[in-house]
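What follows is one structure encoded as structure tokens, with my remarks underneath.
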Amino acid sequence: MIRHFVLLRFRDDVSEETKASIYGDLDALRGHIQGIRHFQAGPNVSVEYDLICGFKDAFWFDFENTAVRDAYLVDAAHQAAGARIVAHTVGGPDGVIVVDMEI
């Protein structure tokens with residue numbers, strides 16, 4: 001299984017409603033791409049605030065395998081959600097960190 005973990009540094013003017021809408025678009029991918037096992041999103045509640053570098057939000061997907069992850073990466077609905085994320089983060093792509101791990 002692959003855990004696709006994404007840290008986000010949203011701009012300060014991005015509302016909770018906008019974040020929820022983006023997360024809703026991502027969550028909808030579970031019914032769209034077979035092999036997505038789980039989706040979770042929310043605020044980073046780390047007490048190590050000096051170390052999070054402003055990445056105050058996060059989400060992750062659990063994919064059955066790398067083939068599912070790879071299908072997700074090229075999916076048009078995912079790319080549209082990704083474009084919304086980049087449009088709302090500090091520095092665009094600089095406001096996003098992606099980590100994939102085998103679990």
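Read-outs: derived from the displayed coordinates by stated rules, not from any lab. The shown structure was predicted, so the numbers you read here are calculated from the model rather than taken from an experiment. Note: ideal-geometry Cβ built from the backbone for every residue, glycine included; neighbour counts use all protein chains shown.
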* Amide N proximity, segment 40-66 versus E16 label position 7 Å along Cα-to-Cβ, cut-off under 14 Å -> 42-44
* In degrees between 0 and 90, to the nearest 10, how far off the longest principal axis of the chain does helix 16-27 point, with axes built from Cα atoms? -> 20
* Asked: What is the Rg over Rh value, at two decimals, for the chain, using alpha-carbon atoms and the Kirkwood definition of Rh?
  -> 0.96
* About its Cα centre, what dipole magnitude does the chain give when the only charges are +1 on Lys and Arg Cβ and -1 on Asp and Glu Cβ, stated in debye to the nearest 20? -> 120
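Based solely on its DSSP helices, what 222 nm [θ] is calculated for the chain when runs of n ≥ 4 H residues each add -39,500 (n - 2.57) and the sum is averaged over all residues, nearest 500 deg cm²/dmol?
-10000 deg cm²/dmol
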* To do: Provide the per-residue ³J(HN,Hα) series for segment 88-103, in order, calculated from phi with Karplus coefficients 6.51, -1.76, 1.60 and θ = phi - 60°, each as a whole number of Hz, with x at glycine and proline positions.
  => 10, 9, 5, x, x, x, 5, x, 9, 10, 10, 9, 10, 10, 7, 10
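Order these by the 10 Å Cβ neighbour count, fewest first: M1, M101.
Lowest count first: M101, M1.
So what is the relative contact order for the chain, in percent, with contacts set as C-alpha pairs under 8 Å and at least six apart? Walk me through the intermediate numbers first.
Values: 155 pairs, mean separation 49.2, N = 103.
It comes to 48 percent, rounded to a whole number.
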* Nitroxide proxy distance, nm - points 7 Å out along Cα→Cβ at V99 and L51 -> 1.0
* Run the quick spin-label model on R3 and A67: label points 7 Å from Cα toward the beta carbon, then report their separation in nm to one decimal. => 2.4
